[in-house]
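K.L.:
The structure's right below; bear with me while I get my questions together.
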Amino acid sequence: MNNTAQRHPTLDDITAARNTLGDRVRTTPVWDWRGDAIDGALDATTRVALKLELLQVTGTFKPRGALLNALALSSSERARGVTTVSAGNHAIATAYAAKTVGATAKVVMPRTANPARVEKCTRLGAEVVLVAGVHEAFAEVERIRDEEGRTFIHPFESPRTSLGTATCGLEFATQVSDLDAVIIPIGGGGLISGMACAIKQSQPACKVFGVEPQGADTMRRSLEAGEPVSIDKVSTIADSLAAPHSGPYSFRLCQRFVDDVVLVSDDQLRAAMALLFSAMKLAVEPAGAAATAALLGPLRERVAGKRVGVIVCGANIDIDTFYELTKQGAGQFRTAIKL
């Protein structure tokens, strides 16, 4: 990718951010993935390290960025409260962050959002506003920000959000010192922008691959265009990765630190979910399986024989939806992932 001048977080910045977050977030473990299923799906010499960020508080990586934003609020900003827009995971994280710092949260979600995520936001004390779709959700959150004076904690586009996710990248690079490649899911780019920034500074030779659903390839299109773009429609089971546009800050970090972006189908996502449950007993949402789907699909040959880091980024899914998707995915192993 092309390099573009923009100040990015240094390793000292990222370390300081992790210290600021303290024990409000967890240092999630890394698992050396071995066994018949994964060994049979990859080149025999490929080694896989799973970063289990699904064990983070609220079930995804999102509190790292949301909390860093919330902790920076002034007393008057805390009094006015915060708002955000999300299919669920960032809304949950923002509700958690607001509760942590003593603020109120009003979160905007599409009506199609998983009911379990809506309930989780409510349990954390947030007021939930449901709208028709993701484009309407962004318009509504801007109205709330302007009319109520709440601070908008953006789901992926802000320096503090990328700095927060960079703490995950620095953890991973510290936990596994010999990474040849890392695979990271992309929604709006908040996760990969920070993680790639940290990993490339810690291990410069490590390749960073992003993965998007075929029906929500906003970042791939942005990188091809050389500037952030929007898409008219998103269509994927990975609603956590269904961002309708990219933003300039996270885009520039991706442009500088991400080596390539690949796409996966919904069938590959389902199959990867089923594999992670069958082989690792991990019950993940579709976005949480995206990096695994890329590992076993479009990136399989490119990372053959390498030490590969794969982030399992989230697990906020209800039992019924998980069952239906993995039931379909179990029958798609050979056709979608070519096991």
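Read-outs throughout are calculated quantities, based only on the coordinates presented, and are distinct from any laboratory measurement. Note that the structure is predicted; figures quoted are calculated from it, not measured. Reconstructed Cβ throughout: ideal geometry from the backbone, glycine too, with neighbour counts over all protein chains shown.
K.L.:
If you build the Cα gyration tensor of the range 63-152 and take the root of 5 times each eigenvalue, what three semi-axes come out, in whole angstrom, biggest first?
P.N.:
In descending order the semi-axes read 19, 15, 10 Å.
K.L.:
Taking a threshold of 24 Å on the Cα-Cα distance, which of the pairs LYS62/LYS281; LYS62/LYS99; LYS62/LYS200; LYS120/LYS233 fall above it?
P.N.:
The pairs that break the limit, which is 24 Å between Cα atoms, are LYS120/LYS233.
K.L.:
Hey, any idea what the orientation-averaged projected area of the convex hull of the chain's Cα atoms comes to, in nm²?
P.N.:
Computed as one quarter of the Cα hull surface, the answer is 15.2 nm².
K.L.:
Around ALA242, with a cut-off of 11 angstrom between Cβ atoms, what is the net charge of the other residues, counting Lys and Arg +1 and Asp and Glu -1?
P.N.:
Local charge sum for ALA242: -2.
K.L.:
Could I ask something else about it? Determine the sum of side-chain charges near GLU142: Lys and Arg each +1, Asp and Glu each -1, restricted to other residues whose C-beta is under 12 angstrom from that of GLU142. Mind dumping the intermediate values first?
P.N.:
Details: positive: ARG143, ARG145, ARG150; negative: GLU136, GLU140, ASP146, GLU147, GLU148.
Around GLU142, the charge tally is -2.
K.L.:
Let me know the Kirkwood hydrodynamic radius for the range 4-150, please, with Cα pairs as the basis and the value in Å to one decimal.
P.N.:
Result for the range 4-150, one decimal place: 17.2 Å.
K.L.:
Compute for the range 1-65: radius of gyration divided by Kirkwood radius, i.e. Rg/Rh, restricted to C-alpha atoms, rounded to two decimals. Intermediate values should be presented prior to the final figure.
P.N.:
Numbers: Rg = 16.8 Å, Rh = 15.0 Å.
Taking Rg over the Kirkwood Rh, I get 1.12.
K.L.:
Give, in nm to one decimal, the length gained when the segment between ARG221 and ARG300 is fully stretched (0.36 nm per residue of separation minus the Cα-Cα distance).
P.N.:
Working it through step by step, the gained length comes to 26.2 nm.
K.L.:
Sum up the charges of everything whose Cβ sits under 9 Å from the Cβ of ALA181, counting Lys and Arg as +1 and Asp and Glu as -1, but leave ALA181 out.
P.N.:
Around ALA181, the surrounding residues sum to +2.
K.L.:
Right, something else. Could you quote the convex hull projected area for the range 166-306, Cα atoms only and averaged over all directions, in nm²? Don't jump to the answer; show the numbers that get you there.
P.N.:
Details: hull surface 32.0 nm².
So the Cα hull casts an average projection of 8.0 nm².
K.L.:
Continuing with the same structure: Between the range 145-163 and the range 33-81, how far is it from one alpha carbon centroid to the other, in angstrom?
P.N.:
Using only Cα atoms, the two centres lie 20 Å from each other.
K.L.:
I need the trypsin sites (Lys or Arg not before Pro) found in the range 250-292, filtered to DSSP loop residues with at most 14 other beta carbons within 10 Å of theirs.
P.N.:
Loop-located and lightly packed - LYS281.
K.L.:
What's the Kirkwood radius of the range 243-339 in Å, using all Cα pairs?
P.N.:
In the range 243-339 this quantity evaluates to 14.3 Å.
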